[in-house]
Amino acid sequence: MSAHGEPIPMTSRRAGPLTGEAHVPGDKSISHRSLILGAMTVGETKVTGLLEGQDVLDTAKAMRAFGAQIEKIGETWHVHGVGVGGFLEPENVIDCGNSGTSVRLIMGTMATSPIVATFTGDASLNKRPMARVTDPLTLFGARAYGRSSGRLPMTIVGAKEPMPVRYATPVPSAQVKSAVLLAGLNAPGETVVIERESTRDHTERMLAGFGASISTEDTKEGRVITLQGRPEFVPQDIVVPRDPSSAAFPVCAALIVEGSDVLVPNIGLNPTRAGLFFALQEMGANLTFENMREAGGEPVADLRAKFSPDMKGIEVPAERAATMIDEYPVLSVVAAFAQGKTHMPGVKELRVKESDRIDAMARGLRAAGVQVDEGEDWWTVHGRGFGDVAGGATVETFLDHRIAMSFLVMGLATNAPMSVDDGQPIATSFPIFEGLMADLGAHVERT
């Protein structure tokens, strides 16, 4: 049963070639951050290309609760912020739905203001660990009161006199890093975050764009990010590039469906996010970058993907995991259609996503006739090659949008259709998935 209502079972089946342009939604990470940083700016920030999925809309609702004015006029979102440290105390509980990004970044943003806020989410989010964020926030002087194991619902009492912190992240997590940096905005002096492994850097790029003094240095102890507290933010006009995590689905579908040729324009190619595309190229995918350029401090390009029947299994470097953590489910689908083994180490973070994604994908792939080996922080898919993947399974998605979309992509090339028990969570990140895939020629339907 879906946390948002009745489940929506869906089925995909083999179709003709996928062709045309796939205009995927705006980048989710950049959409969240543009609303949050816009809310901390005095004046008007304008955002175009915002991803209007439920996760981002929940962030907008939360920013309104803290005092920002946010409205959509035509295709542009207008954010009138309250300034750094200007958040008001919300009147009600902040419901972040399914969005771990929303709750973790917003907790950080408000933790150094003298206000109290209580956060909750849906059944999936309320199971996810929050201590990894609240532990460093207490160093600033905030206090956190949640359920056992640091789970939502949770109340954050913001620090009245915040102290800057120096914090080494214990696990690679862009959300933890971002929460600490956002908390540091309203602390005097320098807040420093040290990452042993680099994670996506949208927060650092956007903080600099809004006028914060932030520097990054690679040292022996890792990447050291230094932020000067209490900056004067300057309102921005932001054009959100299209989301590489969403692009992964039409791209991977094109690679495994015979005769396909799909162009995905204006894709963000931030090096901390683009690991999947490099892994696919290493497998022998016919994947090319066209019209490379820069937009809003982020590298972008048009991505062309063509049917690639001769892909080979690879060893995905463990150090690349943080640049493609959300793409492993759909990579494992492509791996099923490659020749030989694809080994994916260093991915224990997948055990605590919206679901245990290693377990969920392994179950579904095995049900579709693909051999999978797994350990605590690795998994291996034994590819069967193009044309030899049975399919014919109904897969449990565990309320996880990426599990649902991955198996719907798989069914476009398996010998028998693939079904998922609930496609409803897809709306959290990719509300136009069904229509976009249908426009390319895919057979994905509600059943």
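What's the total number of residues in region 397-408 that are touching a strand residue (DSSP E or B) at 6+ places or on another chain (Cβ under 9 Å) and either of a type in the set (F, W, Y) or on the phi > 0 side of the Ramachandran plot (or both)?
The total comes to 2.
With the structure loaded, tell me whether N98 is part of a loop (DSSP other than H, G, I, E, B) and closer than 24 Å to V240 by Cβ or whether it fails that test.
Considered against the rule, which asks whether it is part of a loop (DSSP other than H, G, I, E, B) and closer than 24 Å to V240 by Cβ, N98 comes out as yes.
Are any of the residues in region 234-250 surrounded by 17 or more Cβ atoms within 10 Å (Cβ to Cβ), among the basic types (K, R) and out of contact with any helix residue (DSSP H, G or I) (no Cβ under 7 Å at 6 or more places or on another chain)?
The answer is yes; a qualifying residue exists.
Suppose we keep only residues that are among the aliphatic types (A, V, I, L, M) and over 23 Å from S355 (Cα atoms) within region 93-111. Which one would you say is surrounded by the most Cβ atoms within 10 Å (Cβ to Cβ)?
Result: A111.
Do we have any residue at all in region 70-92 that's out of contact with any Gly (no Cβ under 9 Å at 6 or more places or on another chain), polar (S, T, N, Q), closer than 26 Å to S124 by Cα and open to solvent by 10 Å² or more (accessible area, probe 1.4 Å)?
For region 70-92, residues out of contact with any Gly (no Cβ under 9 Å at 6 or more places or on another chain), polar (S, T, N, Q), closer than 26 Å to S124 by Cα and open to solvent by 10 Å² or more (accessible area, probe 1.4 Å): present.
Somewhere in region 211-227, is a residue in a loop (DSSP other than H, G, I, E, B) and closer than 17 Å to P136 by Cβ?
Yes, there is a match, as at least one residue in region 211-227 is in a loop (DSSP other than H, G, I, E, B) and closer than 17 Å to P136 by Cβ.
Would you be able to say whether some residue in region 262-273 is within 26 Å of A179 (Cβ to Cβ) and assigned to a helix (DSSP H, G or I)?
No, region 262-273 contains no residue that is within 26 Å of A179 (Cβ to Cβ) and assigned to a helix (DSSP H, G or I).
Can you list the strands (runs of 3 or more DSSP E) lying wholly within region 365-447 that have 2 or more residues being open to solvent by 40 Å² or more (accessible area, probe 1.4 Å)?
In region 365-447, 371-374, 378-384, 443-446 are the strands (runs of 3 or more DSSP E) which contain 2 or more residues that are open to solvent by 40 Å² or more (accessible area, probe 1.4 Å).
Restricting to region 112-134, and then to whatever is outside any loop (DSSP other than H, G, I, E, B) and small (G, A, S), can you tell me which residue is least open to solvent (accessible area, probe 1.4 Å)?
So the residue we want is A117.
Residues being open to solvent by 10 Å² or more (accessible area, probe 1.4 Å) and in a loop (DSSP other than H, G, I, E, B): count how many of those fall in region 339-354.
3
As an exercise: evaluate R14 against (1) touching a Gly at 6+ places or on another chain (Cβ under 9 Å); (2) open to solvent by less than 50 Å² (accessible area, probe 1.4 Å) and give the number of the one condition it does not meet.
Of the numbered conditions (1) touching a Gly at 6+ places or on another chain (Cβ under 9 Å); (2) open to solvent by less than 50 Å² (accessible area, probe 1.4 Å), the odd one out for R14 is (2).
Checking D218 against (1) among the acidic types (D, E); (2) touching a residue at least 12 places away in the same chain (Cβ under 8 Å); (3) more than 23 Å from D135 (Cα to Cα): exactly one of these is not met. Which one?
The single condition D218 does not satisfy is (2).
Any residue that is under 26 Å from G268 (Cβ atoms), modelled with pLDDT of 95 or more and surrounded by fewer than 16 Cβ atoms within 10 Å (Cβ to Cβ) - is there at least one of those in region 35-42?
Looking for residues that are under 26 Å from G268 (Cβ atoms), modelled with pLDDT of 95 or more and surrounded by fewer than 16 Cβ atoms within 10 Å (Cβ to Cβ), one finds none in region 35-42, hence no.
Taking the condition of being among the aliphatic types (A, V, I, L, M) and free of Cβ contacts under 8 Å to residues at least 60 places away in the same chain, how many residues in region 379-408 meet it?
Counting residues in region 379-408 that are among the aliphatic types (A, V, I, L, M) and free of Cβ contacts under 8 Å to residues at least 60 places away in the same chain gives 4.
Which ones in region 139-178 are of a type in the set (V, I, T) and crowded, with 20+ Cβ neighbours inside 10 Å?
Residues satisfying the conditions are I156, V165, T169, V176.
Which pairs have Cβ atoms under 6 Å, sit 6 or more apart or on different chains, and link a residue in region 160-180 that is under 19 Å from S29 (Cα atoms) and at pLDDT below 95 to one that is in a loop (DSSP other than H, G, I, E, B) and open to solvent by 50 Å² or more (accessible area, probe 1.4 Å)?
If the second residue must be in a loop (DSSP other than H, G, I, E, B) and open to solvent by 50 Å² or more (accessible area, probe 1.4 Å), the pairs left are P172/E197.
For (1) touching a residue at least 12 places away in the same chain (Cβ under 8 Å); (2) touching a strand residue (DSSP E or B) at 6+ places or on another chain (Cβ under 6 Å); (3) closer than 21 Å to G313 by Cβ, each residue gets a yes or a no:
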position: D377; (1), (2), (3): yes, no, yes
position: M410; (1), (2), (3): yes, yes, yes
position: A416; (1), (2), (3): yes, yes, no
position: S429; (1), (2), (3): yes, no, no
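Just to verify a result, which residue in region 43-58, among those that are within 23 Å of H23 (Cα to Cα) and of a type in the set (S, T, N, Q), is most open to solvent (accessible area, probe 1.4 Å)?
Q54
Could you please let me know if A295 is of a type in the set (A, V, I, L, M, F, W, C) and modelled with pLDDT of 95 or more?
Spelling it out, it is not the case that A295 is of a type in the set (A, V, I, L, M, F, W, C) and modelled with pLDDT of 95 or more.
Please tell me if A279 is in contact with a Leu (Cβ under 8 Å, 6 or more places away or on another chain), assigned to a loop (DSSP other than H, G, I, E, B) and aliphatic (A, V, I, L, M).
No, not satisfied.
Sort out which residues of region 1-52 are more than 29 Å from T76 (Cα to Cα) and not in a loop (DSSP other than H, G, I, E, B), and write them in order of number.
Once the filter is applied, which keeps residues that are more than 29 Å from T76 (Cα to Cα) and not in a loop (DSSP other than H, G, I, E, B), region 1-52 yields S2, G5, M10, T11, S12, R13, T19.
Which of the residues spanning region 282-335 are part of a strand (DSSP E or B) and aliphatic (A, V, I, L, M)?
Passing the criteria: L287, M292, A295, V300, A301, L303, A305.
Taking into account only those residues within region 181-231 that are within 21 Å of the chain's Cα centre (by Cα) and among the hydroxyl-bearing types (S, T, Y), which is surrounded by the most Cβ atoms within 10 Å (Cβ to Cβ)?
T203
So, of the residues in region 252-276 that are open to solvent by less than 10 Å² (accessible area, probe 1.4 Å) and free of Cβ contacts under 8 Å to residues at least 60 places away in the same chain, which turns out to be nearest to E327 (Cα to Cα)?
The extreme case among them is L276.
The values are calculated or read from the model by the stated rules, or taken from the named source; none is laboratory data. None of the values given here were measured: they were computed from a predicted structure. Neighbour counts are summed over all protein chains in view; Cβ atoms, including those assigned to glycine, are modelled from backbone coordinates with ideal geometry. For the accessible areas, the whole protein counts, side chains as well, though only heavy atoms, and no ligand, DNA or RNA atoms are used. Shrake-Rupley method; radii C 1.70, N 1.55, O 1.52, S 1.80 Å.
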